[in-house]
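Every number here is computed from the coordinates shown, using simple stated rules; none is lab data. Bear in mind that the values here come from a model prediction, so they are computed numbers and not experimental data. Cβ placement follows ideal geometry from the backbone for every residue including glycine, while neighbour counts extend to all protein chains displayed.
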Amino acid sequence: MPELPEVECTRRRIQRQVEGRTIARFTASWARQVQPSIRTARRWLTDRLILRLTRRGKYLVIHLDNQTYLLVHLGMSGRLETSRDPAYQPAHLRAQWLLSDQNRLLFCDARKFGRIVCCQQLDSVLGKMGPEPLEDGFTTPAWYPSLQKSRRPIKAFLLDQTTVAGLGNIYADESLFRAHLHPLRPAQDLSRPETTRLIRAIRRVLKTAIELNGSSIDWAYPDGKMQTRLQVYQRTNMPCLRCATPIERISLQNRSTHFCPQCQMQTP
């Protein structure tokens, strides 16, 4: 699933090609992906100017000139690309926006878990999301109280988009490894210094992933290079790059979780 780095890299890749353009036409072939409906989205989007493209967590947010917002969540296999070739029909094309300069913004999604949401209030979709981990407000004093209220394993806590926005399985595993924290440690057991260490690890991992254009774990997100820097994710039974202990894999909330049992001991 594309996580914060992959979504941010997508935003940067298409930003110049969509900002300042008007949406001439919107079409979609999978009705359940579009909210509130294809008909409503077409009415709200047609002839609207795209002011800017931003990101919130794993959502791309297109700001329109009629105080309407178009949000795209890539789901597990979604991809956005642009093309000026009217004959170009990529595999798994689910929706497209024809822009005023005859460019097309294309949404492809093999597994159909992505979402296209039109709304007039961002909080109706994003209001419950947690802090952005790369923003200045993501600090120990601001975040530590929420950890203290949770008995969940810290890995599960990181995957909850209401506690911190944008992290998924890959970068949660990598951040915990760099912070020397076992994924099953209860969130409320972390000390303030450990919380600071985790925040620094999260920032470092995400910034590096963005610099390397994200991770290409499968065909859904091509051209990334971060997978060459991953230290625990999908390295089951391979030697830890720190201590040579074999990396272990467990299942947590039906998600694969990778860690080093030596570098990330469950008891501090």
Taking the range 192-239, the equivalent ellipsoid from its C-alpha gyration tensor has semi-axes in Å, biggest first, of 23, 15, 7
Förster radius 30 Å - calculated FRET efficiency between residue 135 and residue 250 (Cβ-Cβ, nearest 0.05): 0.45
Contour minus end-to-end for residue 243 and residue 211, with contour as 0.36 nm per residue of separation and end-to-end as the Cα-Cα distance? 8.9 nm
Among the trypsin sites (Lys or Arg not before Pro) in the range 155-243, which ones are in a DSSP loop with at most 16 other Cβ atoms within 10 Å of the Cβ? Mind listing them? 225, 229, 242
Roughly what would the spin-label model give for residue 12 and residue 148, points 7 Å off Cα along C-beta, in nm? 3.7 nm
Under the rule of at least 5 residues apart or a separate chain, name every residue whose amide H is placed under 5 Å from the amide H of residue 22. 50, 100, 101
Taking the chain as the reference, fit the longest principal axis to its C-alpha atoms, fit the long axis of helix 192-211 to the helix C-alpha atoms, and give the angle between the two in degrees, 0 to 90, nearest 10. 40 degrees
Using the Karplus curve 6.51 cos²θ - 1.76 cosθ + 1.60 with θ = phi - 60°, what ³J(HN,Hα) values do you get for each residue of the range 231-244, in whole Hz, with x for Gly and Pro? 9, 10, 4, 6, 10, 3, 6, 7, x, 4, 6, 9, 10, 6
Log entry: pair-distance distribution for the range 138-179, C-alpha pairs binned every 10 Å from zero, whole % per bin is 27, 63, 10
Under 5 Å from the placed amide H of residue 35, counting only residues 5+ away or on other chains, we find 116, 117, 118
With DSSP loop assignment and no more than 14 other C-beta atoms within 10 Å, the chymotrypsin sites (Phe, Trp or Tyr not before Pro) in the range 175-268 are 219
How far is the Cα center of the range 41-104 from the Cα center of the range 216-255, in Å? 32 Å
For the residue pair residue 87 and residue 180, what label-to-label distance in nm results when each label sits 7 Å from Cα along the Cα-to-beta-carbon direction? 6.1 nm
Once the dipole of the range 182-268 is set up with Lys and Arg at +1 and Asp and Glu at -1 on Cβ about the Cα centre, which of 230, 240, 201 lies farthest towards its positive end? 201
How large is Rg over Rh for the range 114-268, taking Rg from the Cα atoms and Rh as the Kirkwood inverse mean of 1/r across Cα pairs? 0.97
Output wanted: per-residue J couplings in Hz (rounded whole) for the range 138-144, from phi through Karplus 6.51 cos²θ - 1.76 cosθ + 1.60, θ = phi - 60°, x for Gly and Pro. 7, 10, 4, x, 7, 9, 4
Cα centre as origin, Lys/Arg/Asp/Glu Cβ charges: the chain dipole, Debye: 260 debye
What three numbers, in Å, describe the spread of the alpha carbons of the chain along their principal axes, ordered from the longest? 58, 36, 29
The chain, helix-only ellipticity at 222 nm - DSSP H runs n ≥ 4, -39,500 (n - 2.57), divided by all residues, nearest 500: -8000 deg cm²/dmol
With x for Gly and Pro, the residue-by-residue ³J(HN,Hα) of the range 154-171, computed from phi through the Karplus equation 6.51 cos²θ - 1.76 cosθ + 1.60 at θ = phi - 60° and given in whole Hz, is 4, 5, 5, 4, 5, 7, 7, 5, 7, 9, 7, 8, x, 7, x, 4, 4, 7
Filter 112/207; 58/128; 155/207 down to the pairs with a C-alpha to C-alpha distance above 18 Å, please. 112/207; 155/207
Extending each Cα 7 Å along its Cβ direction at residue 262 and residue 100, get the distance between those two points in nm, one decimal. 6.1 nm
With N residues in the range 71-188, what two-decimal value do you get for its Cα radius of gyration over 2.2 N^0.38 Å? 1.38
Loop only per DSSP, at most 14 neighbouring Cβ atoms within 10 Å: give me the chymotrypsin sites (Phe, Trp or Tyr not before Pro) in the range 44-109, ordered by residue number. 88
So what is the relative contact order for the chain, in percent, with contacts set as C-alpha pairs under 8 Å and at least six apart? 17 percent
